[in-house]
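Here is the structure we will look at, set down as structure tokens.
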Amino acid sequence: MIRIGRRRRSITTTIAAITTIVCLSAPGSASAALIPDVPGAPSRTPQASFTPFTGLLPAPTDGSFFTPPTPLPGRPGDVIWAQLSSSPATDIYGTFGGATAATPAPNIPGSWPQRKVEVWKVMYHTMNRAGESRAAMAMVLVDRARAAGSKLIVSMHGWTGFGENCGVFGNTLLSGALAQASLLLNYIADGYTVVIPDGPGVGVPGRTTTMVSGDATRSILDAAYAGYLFAGTATDVMVQGHSLGGQMVYGVGGDAPTYTPQLKVRGIIALAPAGMSGPRAALFDPNRVQTSSSSVDVSNAIAYVMQLEAAFGSKAIPLAKYLTPRGLALAKKFDSMCNTDMQGAASLYSYKDVIKSNVQSPDPGSIGRASATPTVMVISTEDIVADPLYQYQTYVSMCAAGQPTYWMEYSGNHGSVTNQALTDAAVYKPWFRSVAAGSTPPGACVPITPTVSRFFLYTSAYVANALGVVLPEKSTVTLAATGGCRVVKGVLEPGTSGTCDVQIRVTLGKKVVSTTAVTLRVRET
């Protein structure tokens, strides 16, 4: 278990990598088709050997590969153009530790030359929630020695920033971490073609909207379809995401039948998923916010408002209404920055320094509708980015909506959880293989104890919302705690282990609306 220095984060309107709302409805509920299944849509027969479809247009050779053509050819999911990488080891491993083709990073199944892994740069066509065409980039990893009808997995990375150099090909210092080489090359060893999308506006011109649910889901499904067309894979697909990517993948199973009916999403893996959920956790709800000086929360609060403006328009989300002059100045800089630099720029400011007014997000949520797609949440025990109480709320919400959801917890931090799952031959690997084969394993939606972590501070309303306590408008929430937690000025502060008994009291004026008693597990760290 990796030990991390003690650090508290206040649970506010933003948590680390994403601040969208999870909104679920029952499987099979009415939903308009996102894109109709057009007769004669591009398709491929699974290939016995890798024969790439390099796109509707030839790839530029003049250095303009990442500049999309105007207008975009084809329809969502089409490959615009593709190019074989001339430096695959750098693209996979980045420059960390001086990795090369001959001496790759550890924990790789077989050497690079033996695996004959090719790395392709693929630009594909996607469409946002407003029906506008956009270009997006993906890294595609293919083993030329694969069997016929290679399986397909899409792996969505976390939040990286707005700049055009923030994608998997734009910055070699980032690409190794984004690609999660050990995990992905193990998938290749298991017979998969791997697609690693950036999402619209990352690595190409235009402001990204990957924090906006409709755009996120469509981009992932378009990446899957582009991978299928490009590599001639089978039509079964597994989808995984890490951090923000973990939040983005929840609704893929529900949207796939109408958006990409040619593909069958077999399973969803959310690795250390980060975000907020529930209608009472809407961004900037004035009754639910505790200000924070965390540079992560501050930078992501600004980033989320910027993405809402890009998705819904400046009339619906005018930046000047919600950001202070300092926040507006930071937003202008953020458009060309990656996440680490954004956090550095925001490190001197508190939440109230940059946020002027509260906004109710028009984003309907990361799940348009629930599905019967088996979904696993892989939880890291020493995560200082994603709060376990939020993750518990998401788990309960998805199960209540009928989505078979599994909770797997591993020691480690926000990043190392990927390798922890990879090496778990007892639970994770059997689950993955069963789901990929079309089964729904036992163990979905078993009751779990809600968990809190000493790395976070929890406002009263946040705790009530996460535990499903109804909060009428203008109500007041108070907490009392015994055992492994304490309440200081209305804020729940977890200790280092054990359990704590919490009483949640909701009042409206002088009337007591409800009193709820809950036992929380305090994560040992």
Problem - Qualifying position, being over 16 Å from the mean Cα position of the chain (by Cα) and either modelled with pLDDT under 95 or hydrophobic (A, V, I, L, M, F, W, C) (or both), among Met408, Met377 - result: Met408
Handout entry: Given (1) at pLDDT 90 or above; (2) within 18 Å of Pro388 (Cα to Cα); (3) over 23 Å from the mean Cα position of the chain (by Cα), index of the condition Val452 fails
Key = (3)
Handout entry: Residue list for the range 135-160, filter: crowded, with 24+ Cβ neighbours inside 10 Å and within 25 Å of Phe334 (Cβ to Cβ)
Key = Ala136, Met137, Ala138, Met139, Met156, His157, Gly158, Trp159, Thr160
Handout entry: Top-ranked residue of the range 251-272 - restricted to ones that are modelled with pLDDT of 90 or more and in a loop (DSSP other than H, G, I, E, B), ranked as surrounded by the fewest Cβ atoms within 10 Å (Cβ to Cβ)
Key = Pro261
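Please work out if Val168 is part of a loop (DSSP other than H, G, I, E, B) and either at pLDDT 70 or above or in contact with a Leu (Cβ under 9 Å, 6 or more places away or on another chain) (or both). Break it down stepwise before answering.
Numbers: part of a loop (DSSP other than H, G, I, E, B): yes; either at pLDDT 70 or above or in contact with a Leu (Cβ under 9 Å, 6 or more places away or on another chain) (or both): yes.
The answer is yes for Val168.
Scan the range 488-498 residue by residue and report those that are under 20 Å from Ala461 (Cα atoms) and in contact (Cβ under 8 Å) with a residue 24 or more places away in the chain.
Within the range 488-498, Gly490, Val491, Leu492, Glu493, Pro494, Gly495 qualify.
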Exercise for the section: May I ask you to list the residues in the range 196-213 that are more than 15 Å from the chain's Cα centre (by Cα) and modelled with pLDDT of 85 or more? Expected result: Arg207
Exercise for the section: Evaluate the range 327-350: report whether one residue or more is in a loop (DSSP other than H, G, I, E, B), at pLDDT 90 or above and over 24 Å from Asn165 (Cβ atoms). Expected result: no
Practice task
Determine which member of the set Lys429, Lys511 is at pLDDT 90 or above and in the same structural domain as Tyr192 (by TED's automatic domain parsing).
Solution key: Lys429
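The values are calculated or read from the model by the stated rules, or taken from the named source; none is laboratory data. Nothing here was measured: the structure is a model prediction, and the numbers come from that model. Note that each Cβ is placed from the backbone with ideal geometry, even for glycine, and that neighbours are counted across all protein chains shown.
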